[in-house]
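A.B. asks: Right, I'll just put the structure down here and ask away after.
The values are calculated or read from the model by the stated rules, or taken from the named source; none is laboratory data. These figures come from a predicted structure and were not determined experimentally. In this analysis, Cβ positions are derived from the backbone assuming ideal geometry, glycine residues included, and neighbour counts consider all displayed protein chains. We work out accessible area using only protein heavy atoms, side chains counted, and drop any ligands, DNA or RNA first. Shrake-Rupley method; radii C 1.70, N 1.55, O 1.52, S 1.80 Å.
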Amino acid sequence: MNVTHDVQILIIDEQSLAQSYLKFALEKLGYQQINVADRAQDAIQLCKTRQYDLIICAHNLQKGKDGFQLYEELKARGLHKLSTGFIFISADTDPSLVYSVIELQPDEFLAKPFVIGDLEVRIERVLKRKQRLKPVYQLLDNGQPDRALEVVNTELAKSANSAFYPLLLKLKGDLLLQLKQHDAAEQFFNAMLDIQPFPWARIGLARTLLLLNKDSQALSLLQQLTRRPETRLEALDCIAELEFRQQQFDDAQQHLGQAASLAPRNLLRQQKLLQLSRINHDYETQYQAAQSMVKFSRHSMHEQPDLYLNMARAGIDFALTLEQDDEQSLRLNRQINQCLSTIRQQFSDNRKDFQQEVIQARLLYLKDNKEKAQQLLKDLQEKAPDDDSIEDALDRAKALHEVGLSDPANKLFRQISLRCQREGADPMFSTYLQQEQQERASMPFGARELNNNAVHLYQHGNWQEAFKAFELALRVMPKSAAIALNLLQTILSAPRRPSIDDSRQETLILRCLDIIEQGKLNPDQLKRYQKLKEKHPDRFGAP
């Protein structure tokens with residue numbers, strides 16, 4: 001490509017030496033129209049005023065948004081057109097960053113340090129591509145995928161474009177899926193794979209098979225694709241999507257969790273992981289996902305008080321599964337209060353005061369101040385805002401139920417359910433809501449209180465009622481080793497055994513043992529567990 005003097009290039013790097021080196025290298029290569037920004041906000045302002053042909057952006061921007069967040073925002077706000085080349089540079093080549101960046105689909109990823117020759121090759125490759133396919137990119141930028149597909153087909157018919165065939169073919173596959181031409185997409189991807197096993201064609205075929213409800217074929221292909229680094233991330237996402245559809249929620253969470261570990265900065269994936277972990281009553285993973293969303297949203301366009309509220313709520317859900325004076329519970333309490341403090345300090349114009357008071361009520365309940373929590377929620381009943389989000393309303397319904405205000409809680413759950421139907425809520429959230437509504441309808445109070453009540457029943461000789469309460473508590477806290485131990489002790493040691501058939505009893509015993517072995521018990525609980533082992537060696541595989 002002949003270098004033209006009118007190519008507009010923007011360099012974004014906070015290090016003055018790196019800026020100078022890049023500018024020197026570009027000038028040496030013949031480029032003259034060069035702007036430099038050392039902060040993301042300055043780059044955004046520059047992109048508002050002109051259309052660049054190429055942006056070269058460093059990841060390690062410390063003053064506000066980093067390079068990843070900047071690129072994400074430029075794309076979301078339409079300040080970066082598809083016809084503009086984007087080269088991402090970074091000294092950090094940690095796989096989690098690389099996977100995350102690749103998901104945003106920059107034109108090139110260049111690791112520091114690099115030499116001018118490397119930069120020249122990348123720039124020329126990107127600019128050639130953007131210049132040759134500019135009509136397609138402009139149509140896509142203008143929201144005309146049908147016209148873009150026509151142009152792609154026209155360009156594919158020209159032998160002079162042979163160097164661009166791979167990119168044009170991939171664009172065609174993407175457009176067929178975007179236009180929901182699923183049968184045509186299946187034929188196209190199969191035809192491509194007959195020529196060469198392109199990774200993009202294999203993942204495209206898998207996605208198409210899912211859309212055509214050819215689940216077994218899709219799963220077989222996706223399992224192969226998880227073994228290849230270039231398709232592993234998308235394949236894990238697709239498998240989780242399929243497993244959720246088939247109501248295999250534990251498996252879906254496992255695969256989505258693997259994808260989130262590969263590319264943790266994808267907030268939509270973290271949100272899905274949060275939803276799945278709630279369905280599975282995995283409160284620790286729920287909290288970790290909420291925590292990741294807060295961590296990776298800082299300084300980005302996504303940062304908002306609701307993320308901190310949801311982290312606080314997830315922290316309370318998790319803390320309710322722990323002993324009150326447990327070290328982890330105390331740490332969670334501090335982190336919850338830090339979330340609320342951040343909202344007050346950082347979002348003074350949108351403090352979400354009402355929602356914070358609901359969380360304060362749940363914190364009072366967490367500290368066994370049930371009466372104070374109940375009174376606070378009663379006082380709040382008349383002040384509920386009209387613009388509550390669904391998550392806000394759900395948290396209030398959970399708080400009302402926990403303190404024993406069952407009637408207003410059930411009424412609010414019904415209102416939320418109707419609202420989800422009207423607004424077409426996310427399927428994962430709808431599944432969780434339905435489950436939450438059913439479980440809380442079967443409990444007069446929260447799970448921790450249910451367990452404490454079951455202990456009281458056990459100590460007073462109400463074996464059958466204690467068994468029912470422990471079993472219900474384990475259903476809503478299925479990873480609690482402490483509750484599993486209580487249920488196991490009730491089955492094995494109560495003077496009058498619970499009236500359940502042998503096969504169900506055996507299943508419950510094995511489940512309790514599995515939870516206990518994978519979980520954590522405090523010293524007193526460990527002593528109780530050891531005594532059960534000594535008293536019932538046949539149940540523990542002892543000779």
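A.B. asks: Cβ-Cβ below 9 Å, separation at least six or inter-chain, first residue in segment 325-343 and within 15 Å of Asn310 (Cα to Cα) and aliphatic (A, V, I, L, M), second open to solvent by 30 Å² or more (accessible area, probe 1.4 Å) and in a helix (DSSP H, G or I): which pairs?
C.D. replies: Leu340/Gln360
A.B. asks: What number of residues in segment 255-275 are without any contact (Cβ under 8 Å) to a residue 24 or more places away in the chain and touching a helix residue (DSSP H, G or I) at 6+ places or on another chain (Cβ under 8 Å)?
C.D. replies: Qualifying residue count, segment 255-275: 5.
A.B. asks: Select from segment 281-301 the residues that are more than 15 Å from the chain's Cα centre (by Cα) and closer than 18 Å to Ala40 by Cβ and list them in ascending order.
C.D. replies: If the condition is that a residue be more than 15 Å from the chain's Cα centre (by Cα) and closer than 18 Å to Ala40 by Cβ, then Arg298, His299, Ser300, Met301 are the ones that fit.
A.B. asks: Just need a number here: residues in segment 275-292 that are buried (at least 24 other Cβ atoms within 10 Å of the Cβ) and either among the aliphatic types (A, V, I, L, M) or touching a strand residue (DSSP E or B) at 6+ places or on another chain (Cβ under 7 Å) (or both).
C.D. replies: Of the residues in that region, 3 qualify.
A.B. asks: So which pairs qualify, if the first residue must be in segment 1-21 and farther than 14 Å from Ile123 by Cβ and open to solvent by less than 60 Å² (accessible area, probe 1.4 Å), the second must be at pLDDT below 90 and aliphatic (A, V, I, L, M), the Cβ gap must be under 8 Å, and the two must be at least 6 apart or on different chains?
C.D. replies: Qualifying pairs under 8 Å: Ile12/Leu61; Asp13/Leu61; Glu14/Leu61.
A.B. asks: Under 8 Å between Cβ atoms, which residue pairs at least 6 apart in sequence (or on different chains) link something in segment 182-199 that is without any contact (Cβ under 8 Å) to a residue 40 or more places away in the chain with a partner that is not in a helix (DSSP H, G or I)?
C.D. replies: Listed by first residue and then by second, the contacts come to His182/Leu212; Asp183/Leu212; Glu186/Leu212; Met192/Phe198; Pro199/Arg228; Pro199/Glu230; Pro199/Thr231.
A.B. asks: Now, a different point. Inspect all residues belonging to segment 226-235 and state whether any of them is surrounded by 21 or more Cβ atoms within 10 Å (Cβ to Cβ), of a type in the set (Asp, Glu), within 20 Å of Asp251 (Cβ to Cβ) and in contact (Cβ under 8 Å) with a residue 12 or more places away in the chain.
C.D. replies: Yes, segment 226-235 contains at least one residue that is surrounded by 21 or more Cβ atoms within 10 Å (Cβ to Cβ), of a type in the set (Asp, Glu), within 20 Å of Asp251 (Cβ to Cβ) and in contact (Cβ under 8 Å) with a residue 12 or more places away in the chain.
A.B. asks: OK, next. Among the helices (runs of 4 or more DSSP H) confined wholly to segment 77-180, which include 2 or more residues that are more than 26 Å from Ala58 (Cα to Cα) and touching a residue at least 24 places away in the same chain (Cβ under 8 Å)?
C.D. replies: 134-141, 145-156, 165-178
A.B. asks: Since Gly446 meets every condition but one in (1) more than 27 Å from Leu274 (Cβ to Cβ); (2) surrounded by 22 or more Cβ atoms within 10 Å (Cβ to Cβ); (3) in contact with an Asp or Glu (Cβ under 6 Å, 6 or more places away or on another chain), which condition does it not meet?
C.D. replies: (1)
A.B. asks: Now for a different question. Of all residues being in a helix (DSSP H, G or I) and among the polar types (S, T, N, Q) in segment 181-204, which is most open to solvent (accessible area, probe 1.4 Å)? Just the residue, please. Lay out the reasoning, then the answer.
C.D. replies: Filtering segment 181-204 down to residues in a helix (DSSP H, G or I) leaves 182-195, 199-204.
Then drop every residue that is not among the polar types (S, T, N, Q), which leaves 187, 190.
On the way: Gln187: 140, Asn190: 64 Å².
By that ranking, first place goes to Gln187.
A.B. asks: Right, something else. If you take the residues in segment 52-74 that are assigned to a helix (DSSP H, G or I) and touching a Phe, Trp or Tyr at 6+ places or on another chain (Cβ under 9 Å), which one is nearest to Gln15 (Cα to Cα)?
C.D. replies: It comes out as Gly67.
A.B. asks: Additional query: Kindly list the number of the only condition in (1) open to solvent by less than 30 Å² (accessible area, probe 1.4 Å); (2) closer than 30 Å to Phe318 by Cβ; (3) within 40 Å of the chain's Cα centre (by Cα) that fails for Gln505.
C.D. replies: (2)
A.B. asks: Looking only at residues in segment 417-434 that are of a type outside the set (Ser, Thr, Tyr) and open to solvent by less than 40 Å² (accessible area, probe 1.4 Å), which one is farthest from the chain's Cα centre (by Cα)?
C.D. replies: Among residues in segment 417-434 that are of a type outside the set (Ser, Thr, Tyr) and open to solvent by less than 40 Å² (accessible area, probe 1.4 Å), the one farthest from the chain's Cα centre (by Cα) is Cys420.
A.B. asks: Conditions first: (1) within 26 Å of Lys370 (Cα to Cα); (2) surrounded by 17 or more Cβ atoms within 10 Å (Cβ to Cβ). Pro408 passes all but one, so which condition is the exception?
C.D. replies: Tallying (1) within 26 Å of Lys370 (Cα to Cα); (2) surrounded by 17 or more Cβ atoms within 10 Å (Cβ to Cβ), Pro408 fails exactly one: (2).
A.B. asks: Same structure, new question: Of the conditions (1) at pLDDT 95 or above; (2) over 22 Å from Leu268 (Cβ atoms), Ala384 clears all except one; give me its number.
C.D. replies: (1)
A.B. asks: For Gln304, indicate whether it is surrounded by fewer than 23 Cβ atoms within 10 Å (Cβ to Cβ), of a type outside the set (Ser, Thr, Tyr), over 23 Å from Ala473 (Cα atoms) and within 14 Å of the chain's Cα centre (by Cα).
C.D. replies: Against the criterion (surrounded by fewer than 23 Cβ atoms within 10 Å (Cβ to Cβ), of a type outside the set (Ser, Thr, Tyr), over 23 Å from Ala473 (Cα atoms) and within 14 Å of the chain's Cα centre (by Cα)), Gln304 does not qualify.
A.B. asks: Could I ask something else about it? When you scan segment 449-477, how many residues do you find that are under 37 Å from the mean Cα position of the chain (by Cα) and either free of Cβ contacts under 8 Å to residues at least 60 places away in the same chain or open to solvent by 30 Å² or more (accessible area, probe 1.4 Å) (or both)?
C.D. replies: Of the residues in that region, 16 qualify.
A.B. asks: Determine whether Ala218 is in a helix (DSSP H, G or I), within 18 Å of Thr431 (Cβ to Cβ), open to solvent by less than 30 Å² (accessible area, probe 1.4 Å) and without any contact (Cβ under 8 Å) to a residue 40 or more places away in the chain.
C.D. replies: no
A.B. asks: Return the residue satisfying two criteria in turn: it lies in segment 365-393 and is crowded, with 21+ Cβ neighbours inside 10 Å and closer than 17 Å to Ala447 by Cα, and of such residues it is nearest to the chain's Cα centre (by Cα).
C.D. replies: Leu366
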